[in-house]
1. Considering only the range 21-57, state which residues are open to solvent by 40 Å² or more (accessible area, probe 1.4 Å) and touching a strand residue (DSSP E or B) at 6+ places or on another chain (Cβ under 8 Å).
2. Only one of (1) modelled with pLDDT under 95; (2) open to solvent by 60 Å² or more (accessible area, probe 1.4 Å); (3) outside any helix (DSSP H, G or I) is not met by residue 62, so which one is it?
Amino acid sequence: MKICTKALEHNKKYAPKKVGLFTKNGEIIASYPSMREAARQTGVNSGNISEYCSGKRSQENNDYYWKIIE
């Protein structure tokens with residue numbers, strides 16, 4: 001059975017990413033299995049969480065920060 005590499009790359013890129021919510025001191029507050037779940041539990045828009053994690057949205061004024069957990 002031949003596996004399509006392009007499909008595998010697509011699946012990896014769009015697979016749910018585990019995210020963590022951290023204090024400014026780097027202490028983990030909470031971790032979530034996906035950005036969608038983090039949004040559901042915290043009330044923060046999942047698009048905003050994604051932008052925080054990618055650096056497209058500034059986190060400087062927040063008391064906490066979001067980060068993808070590998």
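1. Passing the criteria: 24, 28, 29, 31, 41, 42.
2. Every condition holds for residue 62 apart from (2).
The values are calculated or read from the model by the stated rules, or taken from the named source; none is laboratory data. Since this is a predicted model, take the numbers as computed values, not measurements. FYI the Cβ positions are ideal-geometry reconstructions off the backbone, even for glycines, and counts take in every protein chain you see. Note: areas computed on protein heavy atoms with side chains; ligands, DNA, RNA excluded. Shrake-Rupley method; radii C 1.70, N 1.55, O 1.52, S 1.80 Å.
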